[in-house]
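Report on the structure given below.
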Amino acid sequence: MLYDVIILGSGPAGLSAAVYASRAGLSFAVVEKEYMGTGQIAYTEQVDNYLGYYGIDGFSLGEKFREHAETLGAEFIDGEVTELSRADMGWKILLSDGNILGARTVIYALGASPKKLDIAGEEVFSGRGVSYCALCDGAFFEGRTVAVIGGGDTALGDALYLSKTSEKVYIIHRRNEFRANASLVKKAEETENIEFVLEAVPSEIIGKDSVTGIKLNQKGAEKTLSAAGIFVAVGSLPNTALLKGIANLDERGYVIADESCIASAEGLFVAGDVRTKVVRQVITAAADGANALLSALNYINK
C-alpha cells in the first residue's frame, strides 16, 4: 500500500499531525518505536503550560493526545525505522523487522534524546546510579541524597520532583544563573532540601558497585559531593541520524526548516524537537504537527 503520509514518531508533534491527517481524509499511518508511546512528555511529572490542562501530569496528557488520534482512526505501526530513502512514488521506509512502507510524503517527528555529560564514570554507572529520567528512576533513591545536573526547566522540575522523596537534592549548574522559568527557580529556592551548587562543572562520577558521589570544579576549586544518584538534565540531541545526506541539517543536527515545516528534500516535512526553532515545548510541537501536515497536504494536492 502507498500511503499519502507516513508519520514517524508518536509524540505530541506526530499525534497532532495524525489528527490533521484524519481530518483531511488522507491515508496515513504513525510509525512508533515504543508500543503505545506518546514521546518524552510521558516522563514529565507535571505540565503547567499546556493550554486548558493546567497541572496535568505528562503521561496523562500524552494519553489524551493519543486517544484523540485513535478516536479519529489513526493507524499505528510498531517498529524502528532503520532507513529512509526516496522512491519513484515518494518515500520508502525500512523498519528493523524488515517491513517496508511506501508513502507520497513523510512527516519526520522523531524528537530528541537526552544529552550526556561525557565525563568519567558516566557510562560505567549508567543504570546503576546515573539516570536521564527522574520520573522513571527517582523512586529508587527514596530517603537518599541525589544530584541533578543542569539549569533549564527540566533540571529544576526534576529537582522539585526528587525533593519529595529524597533526603537532599543538589542542583549543579555551570553558570551562576538558571535558564529555567523563574517560577521553577523560586519553588526550588523555597524547598528546604534543595541546595544550589552554582558555577560548578562536573568532572567525574565516582563509586564502586554503585554511585557514591560526583567530583566537580567550582570556581577553580576541586570539590566532591556525596550522592547516591546523579540525574543528568543538560539538554537533548535531535534524532536526525536517518536524515544525514537527505535533508539539510544545522551544525547541531537539527533539520533546517521554518514554521511551514518543509525540509530541503522533496516530500519531507519535519515537526517537533527535530526542527530548527527557538522554543521547544509541547505546545510548539503540537503546532508543528499541524503545520507539517497542512504543508504535506498542499504538496499532495499539487
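Only the coordinates and a few stated rules stand behind these numbers; no lab work does. Being a predicted model, the structure only gives us computed values, none of them experimental. Quick reminder, even Gly has a Cβ in these numbers, built from the backbone with ideal geometry, and neighbours come from all protein chains shown.
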request  = Output ³J(HN,Hα) for the range 100-116: one whole-Hz value per residue in order, computed from phi by the Karplus curve 6.51 cos²θ - 1.76 cosθ + 1.60 with θ = phi - 60°, and x for Gly and Pro.
outcome  = 10, 10, x, 8, 5, 9, 10, 10, 9, 9, 8, x, 9, 10, x, 7, 9
query = What list do you get for Ile107, Ile172, Ile119 if you sort them by fewest beta carbons within 10 Å?
reply = Ile119, Ile172, Ile107
message = As I understand it, the value is the acute angle between the Cα axis of helix 58-71 and the longest principal axis of the Cα atoms of the chain; what does it come to in degrees, rounded to 10?
response = 10 degrees
ask   = Using just the C-alpha positions of the range 1-121 as equal point scatterers, what log10 of I(q)/I(0) does the Debye formula give at each q in 0.11, 0.17, 0.19 1/Å?
value = -0.41, -0.86, -1.00
inquiry  = Please list, by residue number, everything in the range 25-42 whose backbone N is under 17 Å from a paramagnetic label point 7 Å out along Cα→Cβ of Glu83.
reply    = none
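May I ask you to compute the full-extension gain from His68 to Lys115, defined as 0.36 nm times their residue separation minus their alpha-carbon distance, rounded to one decimal in nm? Don't jump to the answer; show the numbers that get you there.
Values: separation 47, 0.36 × 47 = 16.92 nm, distance 3.08 nm.
Length difference between fully extended and current span is 13.8 nm.
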key: Ranked packing of 146-155, 32-41, most packed first, by mean Cβ within 10 Å   = 146-155, 32-41
task = Could you list the residues of the range 121-148 with an amide nitrogen less than 19 Å from a label point located 7 Å from the Cα of Arg175 in the Cα-to-C-beta direction?
result = 148
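What is the calculated FRET efficiency for Lys186 to Thr212, with r their C-beta to C-beta distance and R₀ = 35 Å, to the nearest 0.05?
Rounded to the nearest 0.05, the efficiency is 0.65.
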query = When the helices in the chain are scored as -39500 (n - 2.57) per DSSP H run of 4 or longer and the sum is shared across all residues, what 222 nm value do you end up with, to the nearest 500 deg cm²/dmol?
reply = -7000 deg cm²/dmol
remark   = Amide H contacts under 5 Å for Glu195, restricted to residues at least 5 apart in sequence or on another chain and with H modeled in the peptide plane, are Val169, Tyr170, Ile171
ask   = Amide H to amide H, which residues 5 or more places from Thr44 or on other chains are under 5 Å from it, using H placed in the peptide plane?
value = Gly58, Phe59
ask   = Roughly how compact is the range 130-232, stated as its Cα Rg over 2.2 N^0.38 Å to two decimals?
value = 0.98
request  = Provide, as a two-decimal number, the C-alpha radius of gyration of the range 62-173 over 2.2 N^0.38 Å, N being how many residues it has.
outcome  = 1.52
task = Please determine, in degrees from 0 to 90 and to the nearest 10, the orientation of helix 12-23 with respect to the longest principal axis defined by the Cα atoms of the chain, where the helix direction is its Cα long axis.
result = 20 degrees
key: Cα-centred dipole magnitude for the chain, charges only on beta-carbon of K, R (+1) and D, E (-1), debye, nearest 20   = 500 debye
request  = Report the label-to-label distance for Asp258 and Val279 in nanometres (one decimal), using points 7 Å from each Cα along the Cα→Cβ vector.
outcome  = 1.9 nm
ask   = Suppose R0 equals 30 Å; then what is the FRET efficiency for Asn301 and Tyr53 from their Cβ-Cβ distance, rounded to the nearest 0.05?
value = 0.35
remark   = Ranked output for segments 124-132, 215-223 by mean other Cβ atoms within 10 Å, highest leading, reads 124-132, 215-223
remark   = For Val31, other-chain or 5+-apart residues with amide H closer than 5 Å (H placed, Pro excluded) are Ile7, Leu8, Gly9, Ile77
task = Please list, or write none, the lysines whose alpha carbon is within less than 17 Å of the alpha carbon of Lys187, excluding same-chain residues fewer than 8 places away.
result = Lys164, Lys168
task = Would you mind ranking Tyr299, Tyr108 so that the residue whose beta carbon has the fewest other beta carbons within 10 Å leads the list?
result = Tyr299, Tyr108
message = Once the convex hull of the alpha carbons of the chain is built, what does its volume come to per residue, in cubic angstrom?
response = 138 Å³
ask   = So for Val232, Val274, fewest C-beta neighbours within 10 Å to most, what's the order?
value = Val232, Val274
query = Quick one: Karplus J couplings for the range 144-155, per residue in order, coefficients 6.51, -1.76, 1.60, θ = phi - 60°, nearest Hz, x for Gly and Pro?
reply = 10, 8, 10, 10, 10, 9, x, x, x, 4, 5, 4
